[in-house]
Amino acid sequence: MTKPRTTGAPGPGARAAIALVVIAAVAVLLIWGLGADAYPWIKAFHVIAVISWMAGMLYLPRLFVYHCEAPVGSQQSETFKVMEGRLLHAITTPAMAIAWVLGIWMVWQSGYWAAPWFHAKLACVLALSGLHGYFSASTRAFAEDRNTKTARHWRIVNEIPAVLMVAIVILVIVKPF
């Protein structure tokens with residue numbers, strides 16, 4: 001069980017909300033101040049958010065592998081709970097939200113919504129978002145000592161975000177159809 005915070009500093013959820021508000025404010029200022037010239041800036045922030053999201057999506061199942069091997073109630077298990085929660089709530093989830101919001105704005109601005117390659121990319125991003133939801137539920141299960149999956153399961157699941165990332169990058173850069 002994680003220890004309650006005793007300082008006045010904001011928790012991971014509050015920091016995530018602050019990060020979202022700051023990025024949204026910067027995006028609005030860029031759009032308002034630069035108009036059509038804001039697109040490359042929004043794209044840059046989108047790529048940064050995607051990289052951050054992918055970092056969490058690749059690291060979280062690796063933490064689950066190690067957490068499976070730690071005895072329930074041990075100091076090691078409790079440390080993994082903190083690491084998983086912070087990674088999910090302070091980095092991965094805010095990055096996903098930012099990537100989605102900025103990505104939707106870019107599609108709205110560019111008109112790519114009609115392109116077949118975009119539909120395939122969207123399907124991959126939806127799959128990645130669903131996997132994110134699975135990781136969120138799994139983080140809660142680990143936090144409550146209810147994990148039923150094996151380390152082997154998490155080693156296999158760890159490959160899914162990488163495969164989706166490769167597909168998304170190829171679809172966006174090459175636009176094969």
If we sort 112-123, 24-35 on the protection proxy, mean other Cβ atoms within 10 Å, highest first, what's the order? 112-123, 24-35
Quick note, region 12-174: a/c under 1.5 would make it rounded; otherwise a/b > b/c is prolate and the rest oblate (a ≥ b ≥ c, C-alpha gyration tensor); here it is oblate
Enumerate the amide H contacts of residue 175 below 5 Å, restricted to partners 5 or more residues apart or on another chain; note that Pro and chain-start residues carry no placed amide H. none
Counting only C-alpha contacts under 8 Å and six or more residues apart, can you give the relative contact order of the chain as a whole percent? 32
Kyte-Doolittle cut-off 0.0, length cut-off 20 Å along the helix's own axis using Cα: show which whole DSSP H helices in the chain pass. 12-34, 39-68, 93-110, 116-143, 159-174
Tell me, in nm to one decimal, what length is gained between residue 55 and residue 166 on full extension, where the rule is 0.36 nm per residue of separation less the Cα-Cα distance? 38.6 nm
The summed charge of the residue 84 Cβ neighbourhood (under 15 Å; Lys/Arg +1, Asp/Glu -1) stands at +2
What value, in deg cm²/dmol to 500, does the helix sum -39500 (n - 2.57) over DSSP H runs of n ≥ 4 give at 222 nm once divided by the residues of the chain? -26000 deg cm²/dmol
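Values quoted throughout were computed directly from the atomic coordinates according to the rules given, and no laboratory measurement underlies them. A quick note: this is a predicted structure, and the numbers were derived from the prediction, not measured. Cβ coordinates were reconstructed from backbone atoms using ideal geometry, including for glycine residues, and neighbour counts include every protein chain displayed.
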